[in-house]
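The values are calculated or read from the model by the stated rules, or taken from the named source; none is laboratory data. Keep in mind it's a predicted model, so treat the numbers as computed, not measured. Methodologically, a virtual Cβ is constructed for each residue, glycine included, from the backbone with ideal geometry; neighbour enumeration extends over all protein chains shown.
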Amino acid sequence: MNKDVIILAGGGFLGRTLINSLKLNGYNQIGCIDLVNPNIDGVEFYALDLLKSSTEDLISIIKNYNIVVNCLGQITNPINICFRLNTEGINRITDAVVKTNKFLFHFSTVTVYGSVKSANEETDLNPETPYSCSKAFAEYLIESKLDDNKYCIVRLSNLYGDEQPKGVFSYMKRSYNSDRILEFNNNGEMVRYYLHVKDCASIAVELLSQSISGKYNLIGPDRFTLKELISSAEQVLHIKFQGFFDNVVAPDNTLHITDEKLKKQIGIKYNNSIPESFKVIFK
């Protein structure tokens, strides 16, 4: 088992959690590339802006590690940064990985499937938003430039946790603490699977430890429409949110996603579920 890993965007929500999980599982050489230092003991930090640096700059760092984990390319404001990270950035990452003969572990998203009734890893991609289109293109670059045994793509559902800086849980928490009205740009029938960030990290460590390659859905144990999610929070917290929904069908709305391919590779255990987490998140 390789014990040396470098995390791109290791200072973010997922990156920090993954680093802590790696440390708990005996990884003794961990690096972090980011603009924000996570300040975690024993982790070597490299300040690098992937969009302003060269492939050679990246190579000079990752050459000291066997595994490159990419947490970059999540939704940003403006969205153009996300687009650039998943095009220019991924192009630079894959070039560096090929030239140094490293293994790339890449986090993607299940929204690359678009709006379909059901999806598995072999379902054709049909992304409908700038974010999901850019993530689909990132996958294309990885698959076209790396050998099949040199990468693992994990398509994630919605992550959540008690220190989540953005997303629906963060939005709901701000409303909970201020009586702010919730306003959504869809009709509330958007279906999403939910995965606690700590469970995501522990499963990712298991995949890394077994050097598993390929493409996998990692969706989590909870599935809600947006309206169901809010209703569940109201029941647990004994409150009533004020919410308004537009009469618009949400894009990238895959109704059912299977993770059987992943479950055949490793034993999956979830230690967190949404109803149990509400009181922690909204404390």
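Please determine whether any residue of the range 252-263 is under 23 Å from N25 (Cβ atoms), of a type in the set (A, V, I, L, M) and at pLDDT 90 or above. Among the residues of the range 252-263, at least one is under 23 Å from N25 (Cβ atoms), of a type in the set (A, V, I, L, M) and at pLDDT 90 or above, which makes the answer yes. Entry remark, the range 215-246: residues being of a type in the set (G, A, S) and part of a loop (DSSP other than H, G, I, E, B) number 1 in total. Every listed requirement among (1) closer than 25 Å to I62 by Cβ; (2) in contact with a Pro (Cβ under 6 Å, 6 or more places away or on another chain) is met by E206 save one, (2). For the range 252-273, the tally of residues that are closer than 19 Å to P127 by Cβ and either free of Cβ contacts under 8 Å to residues at least 40 places away in the same chain or among the hydrophobic types (A, V, I, L, M, F, W, C) (or both) stands at 2. Among the residues of the range 138-171, those identified as outside any strand (DSSP E or B) and polar (S, T, N, Q) are S144, N149, S157, Q164, S170. Among residues of the range 191-202 that are under 15 Å from R16 (Cβ atoms), those with a Cβ under 8 angstrom from a residue that is in a strand (DSSP E or B), sequence gap 6+ or separate chain, pair up as H196/L159; H196/Y160; V197/L159; V197/Y160; C200/L156; C200/L159; C200/L218. Restricting attention to the range 1-19, the residues that are surrounded by fewer than 16 Cβ atoms within 10 Å (Cβ to Cβ) and either within 16 Å of the chain's Cα centre (by Cα) or farther than 16 Å from E206 by Cα (or both) add up to 0.
Table: residues versus (1) under 17 Å from the mean Cα position of the chain (by Cα); (2) over 30 Å from N28 (Cβ atoms); (3) surrounded by 17 or more Cβ atoms within 10 Å (Cβ to Cβ).
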| residue | (1), (2), (3) |
| --- | --- |
| K63 | no, no, no |
| C82 | yes, yes, yes |
| L85 | yes, no, yes |
| V98 | no, no, no |
| K117 | no, yes, no |
| P130 | yes, yes, no |
| S144 | no, yes, no |
| V154 | yes, no, yes |
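Taking residues in the range 221-232 that are more than 19 Å from Y176 (Cα to Cα) and of a type in the set (A, V, I, L, M), and partners anywhere that are crowded, with 17+ Cβ neighbours inside 10 Å and at pLDDT below 95, not one pair has Cβ atoms closer than 8 Å while being at least 6 places apart or on different chains. In the range 252-283, what residues are acidic (D, E) and in a helix (DSSP H, G or I)? If the condition is that a residue be acidic (D, E) and in a helix (DSSP H, G or I), then E260, E276 are the ones that fit. From the list Y160, Y176, the one residue that fits, being over 19 Å from the mean Cα position of the chain (by Cα) and under 25 Å from N272 (Cα atoms), is Y176. The set of residues in the range 37-65 that are in a loop (DSSP other than H, G, I, E, B) and among the aliphatic types (A, V, I, L, M) comprises I40, L48, L50, L51. Looking only at the range 172-214, count every residue that is surrounded by 15 or more Cβ atoms within 10 Å (Cβ to Cβ), assigned to a strand (DSSP E or B) and out of contact with any Cys (no Cβ under 8 Å at 6 or more places or on another chain) and tell me the total. Counting residues in the range 172-214 that are surrounded by 15 or more Cβ atoms within 10 Å (Cβ to Cβ), assigned to a strand (DSSP E or B) and out of contact with any Cys (no Cβ under 8 Å at 6 or more places or on another chain) gives 8. Inside the range 1-36, residues that are assigned to a helix (DSSP H, G or I) and not aliphatic (A, V, I, L, M) make up a count of 7. Under 7 Å by Cβ, and 6 or more places apart or on different chains, what pairs join a residue from the range 66-85 that is among the aromatic types (F, W, Y) and assigned to a helix (DSSP H, G or I) with one that is surrounded by fewer than 21 Cβ atoms within 10 Å (Cβ to Cβ) and at pLDDT 90 or above? These pairs meet every condition: F83/P130. Do we have V249 as in a loop (DSSP other than H, G, I, E, B), over 26 Å from G10 (Cα atoms), over 22 Å from the mean Cα position of the chain (by Cα) and touching a residue at least 12 places away in the same chain (Cβ under 8 Å) here? It is true that V249 is in a loop (DSSP other than H, G, I, E, B), over 26 Å from G10 (Cα atoms), over 22 Å from the mean Cα position of the chain (by Cα) and touching a residue at least 12 places away in the same chain (Cβ under 8 Å). When the range 188-222 is filtered for residues that are of a type in the set (S, T, Y) and within 16 Å of the chain's Cα centre (by Cα), the ones remaining, listed by number, are Y193, Y194, S202, Y216.
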